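I have placed the structure first, in the form of structure tokens, so that the comments after it can refer back to it.
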Amino acid sequence: MSLWFRLAVYVPVLFLVAIVVVGQHHDNARDTLRWTVRRTGRWLVWTAALLACMWGLEILFIGW
Amino acid sequence: MSDRAARNVAVGLGWGTFLAGFVPGLLQYQLGQKQRAVLAFGGCFLLFFVGWLVVRERLFYWALLTPDSPPPGSSPGLIPWQGMARAGVVFTLPELLNFPANALGAILAWDASPEGERLWRMPRDLEHLFGWLTAASGMLAAFWSAAGHWELRRRRDGGATPPVPVADPALCAALSWLVPGLGHCRAGQKDKGALLGFAVVVVFAAGLLFAHGHAVDRANASVWWIGQNLFGGGSLFAALVTAPLRMEGAPPNLDLGVVLCTVAGLMNLVVMVDAFTVAERTAFPLGKPAEVAP
């Protein structure tokens, strides 16, 4: 599975999951969508941080 | 919301009420709603046994723990799995939520012989659809239980004249199980309901497409199916259309499809709970934080 394929699946699904999570805190679709964009961005940053940690552990224990 | 109601929100209704919810109609009976109690028990029982007529022993095969072997890591014979199955205690979800029917169905179908075990493993015609019906009986029992819990809470916290919500919260949750977001529409949040429904349906459809339609199949991935069935409309569609299709070799993205459909089911669990809460808050609005403090 190529990196681009994984990203093309992961990012939209993350956004759709965020809609459901953020929707619990709002009463209408407009507010939900606005805050979903921010939440997805924050989750993507956390995803990048997690990947960096895992990559670092891989290099540390398995090698380059 | 009154101070007493605000305090009670955090208390809950207790273990007795929780356990009573596993017998469809029992909470309604305790509440004095005799007709609703009969309707709940009869409806769940009938739905289960219509499905059971076809699936029978397959319920053991779909269980979280099959009665023929102890779970990984436990000592053989430590827990009498076969004895429990003989007594009707089988961990098939969501049928377990309709406890009396599930227990009776297990007792009637139980056969410890090798021939019996062979029957657990033998696929049968139309098992996808009829397996969905037995599962739907469990979900229906859960919604009746939620309705009983809601009515108990309404009477406990509502004072002399209990408030009436715009829609029954349990009904909103049940509608969202079949069509994600429909419960929100019933409770008055139409645009938000449409958005949440769109999100769930797109993830579920993507899962089916990636797996060439084989992502939702109780016979092949029964544990994943428990999560997928939290989107009842989607699992019904799969039971009718995609699951009966013959699989010619595993599709390259089968795993991805199975996971996406399960994620969609779990997303719909959140949608169902939110639909319940939205309807609930029309009767008991959230107080300010200072009011909720004990």
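The values are calculated or read from the model by the stated rules, or taken from the named source; none is laboratory data. This structure is a prediction, so every number in the text was calculated from the model and none was measured. Counting neighbours? That spans all protein chains shown, and the Cβs are built from the backbone with ideal geometry, glycine included. Surface areas here come from the heavy atoms of the whole protein model, side chains and all, with no ligands, DNA or RNA. Shrake-Rupley method; radii C 1.70, N 1.55, O 1.52, S 1.80 Å.
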- Query: Across segment B:191-226, what is the total count of residues that are more than 14 Å from every other protein chain (Cβ to nearest Cβ), in contact (Cβ under 8 Å) with a residue 40 or more places away in the chain and within 20 Å of the chain's Cα centre (by Cα)?
  - Reply: 8
- Query: Which of the following residues is in a helix (DSSP H, G or I), open to solvent by 60 Å² or more (accessible area, probe 1.4 Å) and farther than 16 Å from A:VAL20 by Cα: B:LEU171, B:LEU175?
  - Reply: B:LEU171
- Say whether the condition of being of a type in the set (Asp, Glu), on the phi < 0 side of the Ramachandran plot and modelled with pLDDT of 85 or more is met by at least one residue in segment B:49-62. yes
